[in-house]
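The values are calculated or read from the model by the stated rules, or taken from the named source; none is laboratory data. This is a predicted model, so every value here is computed, not measured. Neighbour counts are summed over all protein chains in view; Cβ atoms, including those assigned to glycine, are modelled from backbone coordinates with ideal geometry. SASA here: full protein model, heavy atoms, side chains in, ligands and nucleic acids out. Shrake-Rupley method; radii C 1.70, N 1.55, O 1.52, S 1.80 Å.
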Amino acid sequence: MNILVVDVGGTHIKVLATGRKEPIKIPSGPKTTARTMVDRVKEAIDGWTYAAVSIGYPGAVLHGKPVSEPRHLGGGWVGFNFKRAFGCPVTVINDAAMQALGSYKGGRMLFLGLGTGLGSALIIDGVLEPMELAHLPYKHGRTFEEYVGIDALERLGRKKWTRNVYDVVARLREALQADYVVLGGGNSKRLVELPPRTFLGDNQNAREGGFRLWRPPIARTRALAGVRGSSRAAEIAPR
């Protein structure tokens, strides 16, 4: 069936549907509410046909619903009826989890999204676990996000920010025993070199994750699992 994938970010909303090659980019920001997002998306895709919607949401999601308002957007997301607004079935998932879903190649993978904030998700042998690592304490009374988010990049400069990214990646990879790390988000491209056992994701992976959400359970499990077992992770990780 035709799937509409909506990847909501702090500066842009990217929209793609089955059969479309290039996403539409819609500006977003502190005044972007859930209602505003839906209205702008429907206006931008006027004439498109779709049977279901996947929404990548920049915040905590539980049982397919936002449970906290996004830090970098307007309000009205918690409790919003997306199914009624779009007129079809809707699945909401954390945006980092959606990109992780599309990036996964097997084994134990940690995904970190370096965008406006810090997104995170872990997949172990095909089982996805969205995470909220961004606001855990890191050092000097500040959180991980405060050292690797976009505000940190502007406050500290690229050189210090890069050192922080290397340290955060190493700490989280070791703590979560990941075979490899995939970095996504717009700011990941600012890294001249990548940390060890770390690979650069692609924004297209978020859209792929959105499509995978609507695959039949068996097909989705096979697609996610790839070659099962962490012993093969080095062979199947992106290069």
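Regarding S28, is this residue touching a Leu at 6+ places or on another chain (Cβ under 6 Å) and polar (S, T, N, Q)?
no
Test each condition in (1) farther than 30 Å from V53 by Cα; (2) under 17 Å from the mean Cα position of the chain (by Cα); (3) surrounded by fewer than 18 Cβ atoms within 10 Å (Cβ to Cβ) for K189 and report the one that comes out false.
In the conditions (1) farther than 30 Å from V53 by Cα; (2) under 17 Å from the mean Cα position of the chain (by Cα); (3) surrounded by fewer than 18 Cβ atoms within 10 Å (Cβ to Cβ), K189 misses (1) alone.
Considering only region 143-164, I want to know if a residue exists there that is of a type in the set (A, V, I, L, M), touching a Lys or Arg at 6+ places or on another chain (Cβ under 8 Å) and under 25 Å from G107 (Cα atoms).
Scanning region 143-164, I find no residue that is of a type in the set (A, V, I, L, M), touching a Lys or Arg at 6+ places or on another chain (Cβ under 8 Å) and under 25 Å from G107 (Cα atoms), so the answer is no.
Any idea how many residues of region 32-55 are modelled with pLDDT under 95 and farther than 13 Å from F86 by Cα?
The number of residues fulfilling the criteria is 1.
Is at least one residue of region 4-15 touching a Leu at 6+ places or on another chain (Cβ under 7 Å), within 25 Å of L183 (Cα to Cα) and of a type in the set (G, A, S)?
Among the residues of region 4-15, at least one is touching a Leu at 6+ places or on another chain (Cβ under 7 Å), within 25 Å of L183 (Cα to Cα) and of a type in the set (G, A, S), which makes the answer yes.
Which pairs turn up if I take residues in region 3-14 that are free of Cβ contacts under 8 Å to residues at least 60 places away in the same chain and look for partners that are among the aliphatic types (A, V, I, L, M) and open to solvent by 10 Å² or more (accessible area, probe 1.4 Å) with beta carbon separation below 8 Å, at least 6 apart in sequence or on another chain?
Going by the 8 Å Cβ cut-off, the qualifying pairs are H12/I26; I13/I26.
List every residue pair whose Cβ atoms lie under 8 Å apart, where the two residues are 6 or more positions apart in sequence or sit on different chains, the first residue falls within region 15-42 and is touching a residue at least 24 places away in the same chain (Cβ under 8 Å) and more than 13 Å from L4 (Cα to Cα), and the second residue, located anywhere, is surrounded by fewer than 19 Cβ atoms within 10 Å (Cβ to Cβ) and of a type in the set (F, W, Y).
A34/F80; R35/F80
Quick one: in region 141-166, which of the residues that are buried (at least 20 other Cβ atoms within 10 Å of the Cβ) and of a type in the set (A, V, I, L, M, F, W, C) is farthest from G59 (Cα to Cα)?
W161
Any idea which of (1) open to solvent by 20 Å² or more (accessible area, probe 1.4 Å); (2) closer than 18 Å to Q204 by Cα is the one A17 doesn't satisfy?
In the conditions (1) open to solvent by 20 Å² or more (accessible area, probe 1.4 Å); (2) closer than 18 Å to Q204 by Cα, A17 misses (1) alone.
Could you list all residues from region 167-186 that are buried (at least 16 other Cβ atoms within 10 Å of the Cβ), outside any helix (DSSP H, G or I) and not hydrophobic (A, V, I, L, M, F, W, C)?
The answer is D179, Y180, G184, G185.
Just to be sure I understand, how many residues within region 43-58 are in contact (Cβ under 8 Å) with a residue 24 or more places away in the chain and either within 13 Å of A121 (Cβ to Cβ) or open to solvent by 10 Å² or more (accessible area, probe 1.4 Å) (or both)? Write out each step before concluding.
Taking region 43-58 as the starting set, the residues that turn out to be in contact (Cβ under 8 Å) with a residue 24 or more places away in the chain are 44-45, 48-58.
The next check asks that each one be either within 13 Å of A121 (Cβ to Cβ) or open to solvent by 10 Å² or more (accessible area, probe 1.4 Å) (or both); those that pass are 44, 48-51, 56-58.
Total satisfying the criteria: 8.
Mind listing whichever residues of region 105-140 are within 17 Å of L200 (Cα to Cα), open to solvent by 60 Å² or more (accessible area, probe 1.4 Å) and either modelled with pLDDT under 95 or assigned to a loop (DSSP other than H, G, I, E, B) (or both)?
K105
Exactly one of these conditions fails for G75: (1) open to solvent by 10 Å² or more (accessible area, probe 1.4 Å); (2) out of contact with any Ser or Thr (no Cβ under 7 Å at 6 or more places or on another chain); (3) more than 27 Å from V181 (Cβ to Cβ). Give me its number.
Checking G75 against (1) open to solvent by 10 Å² or more (accessible area, probe 1.4 Å); (2) out of contact with any Ser or Thr (no Cβ under 7 Å at 6 or more places or on another chain); (3) more than 27 Å from V181 (Cβ to Cβ), the one that fails is (2).
If you check R215, R197, which single one turns out to be at pLDDT 90 or above and of a type in the set (K, R)?
R197
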